[in-house]
1. For A:T202, which inter-copy label distances result when the label point lies 7 Å beyond Cα on the Cα-to-Cβ vector, reported in nm to one decimal and in ascending order?
2. Using a Gaussian network model of chain A whose springs link C-alpha atoms within less than 10 Å, name the residue from A:K222, A:K160, A:K60 with the highest mean-square fluctuation.
3. What relative contact order, as a whole-number percentage, does region A:117-285 give when Cα pairs under 8 Å and 6 or more residues apart are counted?
4. Mind checking the dipole of chain B: about its Cα centre, +1 per Lys or Arg Cβ, -1 per Asp or Glu Cβ, Debye to the nearest 20?
5. Starting from the Cα gyration tensor of the protein assembly as shown, take the square roots of the eigenvalues, sort them a ≥ b ≥ c, and report rounded, prolate or oblate (rounded when a/c is under 1.5, otherwise prolate if a/b is larger than b/c, else oblate).
6. Summing -39500 (n - 2.57) over the DSSP H runs of n ≥ 4 in the protein assembly as shown and dividing by its residue number, what mean residue ellipticity at 222 nm do you reach, to the nearest 500 deg cm²/dmol?
7. List the relative contact order of region B:1-108 as a percent without decimals, with contacts defined as Cα pairs under 8 Å and 6+ residues apart.
8. Any idea what the dipole of the protein assembly as shown comes to, in debye rounded to 20, about its Cα centre with Lys/Arg Cβ at +1 and Asp/Glu Cβ at -1?
Number of protein chains: 2
Amino acid sequence: MADLLRREGPEPILRRVIACLRADFLRWPDFDLAPRLASHSAGGVIELMPIADARLYAFKFVNGHPGNTRLGKQTVVAFGVLADVATGYPLLMCEMSVLTALRTAATSALAASVLARSGSRSMALIGTGAQAEFQALAFQQTLGIDEIRLFDVDPAAVAKARANLDHRGLRLVCATSVAEAVAGADIVTTATADKTRATILTPDLVEPGQHLNAIGGDCPGKTELHPGIVAGARTFVEYEPQTRAEGEIQQMPAGYPVTELWRVLRGDAPGRVSPEDITLFDSVGFALEDFSALRFLWEIAGAGPSLDLIPQPDDPKDLFGSVFSRGQAFERAA
Amino acid sequence: MADLLRREGPEPILRRVIACLRADFLRWPDFDLAPRLASHSAGGVIELMPIADARLYAFKFVNGHPGNTRLGKQTVVAFGVLADVATGYPLLMCEMSVLTALRTAATSALAASVLARSGSRSMALIGTGAQAEFQALAFQQTLGIDEIRLFDVDPAAVAKARANLDHRGLRLVCATSVAEAVAGADIVTTATADKTRATILTPDLVEPGQHLNAIGGDCPGKTELHPGIVAGARTFVEYEPQTRAEGEIQQMPAGYPVTELWRVLRGDAPGRVSPEDITLFDSVGFALEDFSALRFLWEIAGAGPSLDLIPQPDDPKDLFGSVFSRGQAFERAA
């Protein structure tokens, strides 16, 4: 899969993932939806995210362990499976750390395409870890963003993002504070990873008309925005039952109004109403996005090398005989 | 894994899986438990079954599609993953059709070891499909069952089971009816597959003192026993919240009393009280059993061949750079 992505390049891949995502969001009612199944522990969380339409079933295994980078491991690793609803047979299994970053960025850009004010050109990127470059390029491809202001508490992470984004047609500004990155930006993306209530943005930093793309707060107890920002924003979510527990809106009363993104994409609900609105896409990541990413991969690449995960006995009722040859005990004894 | 099982032989493998299962059932309160997540469609069901203790996380992907045998495919295919709770990293992935049959048989035998009347020697096996031989050998190894009465509506399935079980120290009787198979048997195992309300056993066939091991009824709308049998039996289950929806007891009122098997194994609740009791193990298959099977495999075999499912960038924050080389767009353009 890495070869495939490398051959195509990130920009064309992002454009195609965004097209798949848009098509699947537009047929939202076709899907059997459920909140993900999370297993929390002291160090992090392991989740299963299943979803299906009438033809394809998909799920993703994904963890989130903020302490992993200190061990030289990834905060998030993931793999996904696509299966055939008619037979239950798996069709495709693949690593999804990169696909997750791609589909998260694609979802962010898709949301911003209907929520950010028109003519948006600059984006602040707060947190320049594993997601950062994908976000920058998705917004460039979808909205024509040409200026990225980078900020991270880790200067090495900023240098890394800057080097990766060099020579890709973006003006890169390394900000010395969150305030400097955010001031005057059309879009603010927060992508930080601590599993805690953090306040990456405070209300005084946010300007009328900005679109906030909050992707780091994505599980119970993990938020990035001051609740005052959420209170003053028009808020859009992927799948309300999941976001109520996991998103920035976990800080708000149960009646705090939100709109699901698919309804805006279908024209069933308004997105941004005025150029002065502060819009917030409270993104936590939803199974539909993984479905779209896996479907994309299946359509462009097929199954890839085959994995020996399904026994194929001559007689499907003879599972035993397919493993243990007949009379084996007798032969051993003889 | 097939090589490993073949080398060891089914009987020693079953004894070891039963030992792992018993150890894990005895520490039931250590586990983070949840009913499985099922996605139902016209042709079958696809399920995810997660479970974790403080050290290991496991899940199984498994389908159930009764029409698959008509396509030359398996009714049930499955694979499982074991992951490290501390980092969220997957440790082991393996095919689980065979492991599922092994752990199902091991669980049946473990339950019967505390529920069947002492001195049990004969078992009727109604439904001689993919599970049959595993059941027969697990009961032989655990309880000393030496007579198996085989019955299936498909004579080829009976012939298959008979051939596989030949020369394994069992007296094999091919019955011409369910009634003939059941009459005088100490234990009756039902392992049929139709996704429907079936009545494999009726109350008139069941004798006082018999232990019923019902493994075929395992999802909503799929049962094997006449409700009159359940009403007259002392019933034991794996995990009550799941079995209420999926087991034979879905036919009973919500207040119908059941006992979880782990409590009997720990001595916290009675099992069989009198030699005349009809005991029923209403088995639907639970994630803990897969956990035990995967732990068993991990302990005897390790991870096996490595799968390229986790990217290992030099810098864990540099996911982008690990796939897309820096300046790639520039190089392409140059």
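1. Taking the point 7 Å beyond Cα along Cα→Cβ, the inter-copy spacings are 7.9 nm.
2. Most flexible of the set in this elastic network: A:K160.
3. Numbers: 356 pairs, mean separation 35.6, N = 169.
For region A:117-285, the relative contact order is 21 percent.
4. Numbers: 31 positive and 40 negative charges, 57 e Å.
That gives a dipole near 280 debye.
5. On the way: a/c = 2.53, a/b = 2.15, b/c = 1.17.
Verdict is prolate for the protein assembly as shown.
6. Working: 24 runs with 228 residues, N = 668.
Using -39500 (n - 2.57) per qualifying helix, the result is -10000 deg cm²/dmol.
7. Values: 156 pairs, mean separation 22.3, N = 108.
Reported as a whole number, the value is 21 percent.
8. Values: 62 positive and 80 negative charges, 93 e Å.
So the magnitude is around 440 debye.
The values are calculated or read from the model by the stated rules, or taken from the named source; none is laboratory data. Quantities reported herein were computed from a predicted structural model and do not represent experimental measurements. Cβ: placed from backbone, ideal geometry, glycine included. Neighbour counts: every protein chain shown. The protein model used for the area step is the full one, side chains on, heavy atoms only, and it has no ligands, DNA or RNA in it. Shrake-Rupley method; radii C 1.70, N 1.55, O 1.52, S 1.80 Å.
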